[in-house]
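Peer 1: Just dropping this structure here.
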Amino acid sequence: MKASGVLCLDIVSDGKTGTFASKDATDKYLLSYDIESLYASSIRGGQFGVLKATANKITLDTTVTGSVCVTNSNLKVTPKSGNCDASTTTEYTCTSGMCTLNTGCTGVNESTHCIDAGKKLYASVKNASCNADTSESSYLVFKCTNKDTCTLLDDDGIDDLIGTESLLVYYADANKVFTQKKDGFFYLNTTKSKLVYCPSENNGTIVCSSITPSEGYYLNAARDDLTGAIITCLGTPVKCKKGNGTADFSYIDAGKEGNIISCAGTTCTTAPGSKMQGHAYIDGTETTTPNIMITYDRSEGKFVSTTLDFVPKYYVDADDPEKIKNIITCNNAGCTSSHGSTLPGHAYISGTDPEKMTLISYEDTDSDGEEDAFDVADDQIKTDSYFIDGTNPKNLISCTVSGGCFSGAPPIPSGSVMLFKTDGVTAGNTITCTNEGCISSKGKKIIIN
């Protein structure tokens, strides 16, 4: 309070002792703002401010920045020179007159956690120094009420999120190195279905938020291996659980429209999916006898999963890392991916064309300028054409404009041992079929009597 031109400061130690500063004095004092103080609208309750009394008024001294020593007996503030006397003073760190107890920590500074200058995570006791945290590595979610006030959430706190909060997500590894996470979905093991999403565009700002997921699959950004890499959200209301990713299988990414989650080797990643005709991914929903394919439906404008019947179907493996050199073959034993035939004249009937009028064939340079890859014709066949079946060179694929394409034994004329057809893949080549199979070669057909 102000009395006769002096400033009365209440000492925290006993709540009764007063110290006085003249209005003309240059001394400065550190005060703790009460949550119900007049300053509460602009200064957070519980913060410390450096005050001075001038011209019969109390003001915050915004010129004070850096470390200061505060005398315990009268709260007088002096600039730090060397070290603060631990027996009579306490060290604070100030920015524009607002101060925090100097715990040796920077960054997120909590009653439960803080980070030291070496980016390591520590447990912290309020108004005391930080002590090394020996707990296991974990993900921590903080709810931020302003740029410098963040509260660590437990499971109950996470359950109460409604999606409008500003959040920070940090990972503490086994060595307590503290890393802010900025991209991807993070699965939270709580009793409610909550995911926290941190887009890569945040550039360190507070933009993470909780979401209520829709049904589908999400990439668990909290994992860098296959264990627990896939978050599956199903049901009404939607409930989520973690599951392991399986190498060589894929999932439609429910978190990023147009993306496919692909698992290969020891990790799963998400990337824009291939929308090309004839391209497909083996869906990881069923891995024992895989018979579900992910393809892009042009009429719906999105990726869809389709359970196949037992009719053989063929696709370009869009998940093949070697420039799309694999063909997915689906039959009553399931779907498998392997290197396709690159021999001249060989082709496959595209599994994405229900009319069976589109062919997959190997091109030295495909339509996108990529070398050595399987390509799918942009249009359906416009003339009767012939191809060697890439899955069985003893069969000939015969295509008609009116009936589509079918594979079967070559119709060698009675009394002849050979059948000649113009190669529908390689210009200038002729397909020659015998009872032993079919080959494609350059040159005109030879008639043998």
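Peer 1: Test of understanding: what is the full-extension gain from Ala271 to Thr400, defined as 0.36 nm times their sequence separation minus their Cα-Cα distance?
Peer 2: Difference between extended and current length: 42.7 nm.
Peer 1: State the extension gain, in nm to one decimal, for the chain segment bounded by Glu286 and Thr434, taking 0.36 nm per residue of separation less the distance between their alpha-carbons.
Peer 2: Gain on extension, Glu286 to Thr434, equals 49.2 nm.
Peer 1: Over the range 233-375, with every protein chain in place, what whole percent of the accessible area is carbon and sulfur at 1.4 Å, could you tell me?
Peer 2: Looking at the range 233-375 in its full context, I get 49 percent from C and S.
Peer 1: How much length is gained on full extension from Lys382 to Lys242, taking 0.36 nm per residue of separation minus their Cα-Cα distance?
Peer 2: Working it through step by step, the gained length comes to 45.5 nm.
Peer 1: Shape of the range 205-328 from its Cα gyration tensor (a ≥ b ≥ c, root eigenvalues): rounded if a/c is under 1.5, otherwise prolate when a/b > b/c, or oblate?
Peer 2: Prolate, since a/c reaches 1.5 and a/b exceeds b/c.
Peer 1: What order, most packed first, do the peptides 74-83, 254-263 have when packing is the mean number of other Cβ atoms within 10 Å of each residue?
Peer 2: Highest mean packing first, the order is 254-263, 74-83.
Peer 1: Under a plain spin-label model, where a point goes 7 Å from the Cα along Cα-to-Cβ, how far apart in nm are Asp173 and Val417?
Peer 2: For the pair Asp173/Val417, the computed spacing is 7.0 nm.
Peer 1: OK, next. Between the range 402-421 and the range 251-310, how far is it from one alpha carbon centroid to the other, in angstrom?
Peer 2: Measuring centre to centre over Cα atoms gives 36 Å.
Peer 1: As an exercise, use a Förster radius of 35 Å and the Cβ-Cβ distance of Lys302 and Tyr139 to find the FRET efficiency, rounded to the nearest 0.05.
Peer 2: The value I calculate is 0.65.
Peer 1: Please get the size of the charge dipole for the range 224-273, origin at its Cα centre, with Cβ charges of +1 on Lys and Arg and -1 on Asp and Glu, quoted in debye to the nearest 20.
Peer 2: Dipole magnitude for the range 224-273 comes out near 260 debye.
Peer 1: Follow-up question, since we're still on this one. Heavy atoms only, 1.4 Å probe, whole protein assembly: order Lys194, Lys28 by accessible area, highest first.
Peer 2: Lys28, Lys194
Peer 1: So, in Å, what gap is there between the alpha-carbon centers of the range 329-354 and the range 210-239?
Peer 2: Cα centres, the range 329-354 to the range 210-239: 32 Å.
Peer 1: Roll a 1.4 Å probe over the protein chains and send me the accessible area per residue for the range 258-399 in Å².
Peer 2: Here the residues of the range 258-399 average 48 Å² of exposed surface.
Peer 1: Hey, what does the equivalent ellipsoid look like for the range 285-349, semi-axes from the Cα gyration tensor as sqrt of 5 times each eigenvalue, largest first, whole Å?
Peer 2: The three semi-axes for the range 285-349 are 20, 16, 12 Å.
Peer 1: Now a separate question. What ranking of Asp353, Asp155, Asp224 comes out by heavy-atom accessible area, probe 1.4 Å, highest first?
Peer 2: Asp224, Asp155, Asp353
Peer 1: Right, another one. Which of rounded, prolate or oblate describes the range 279-412 when judged by the alpha-carbon gyration tensor and an a/c cut-off of 1.5?
Peer 2: rounded
Peer 1: Under a point spin-label approximation (7 Å from Cα along Cα-to-Cβ), what is the Asn331-Asn74 distance to one decimal in nm?
Peer 2: 9.6
Peer 1: Could you order peptides 298-309, 282-293, 339-350 by the average number of other Cβ atoms within 10 Å of their residues, highest first?
Peer 2: Put in order of decreasing packing, that is 339-350, 282-293, 298-309.
The values are calculated or read from the model by the stated rules, or taken from the named source; none is laboratory data. Keep in mind it's a predicted model, so treat the numbers as computed, not measured. Counting neighbours? That spans all protein chains shown, and the Cβs are built from the backbone with ideal geometry, glycine included. We work out accessible area using only protein heavy atoms, side chains counted, and drop any ligands, DNA or RNA first. Shrake-Rupley method; radii C 1.70, N 1.55, O 1.52, S 1.80 Å.
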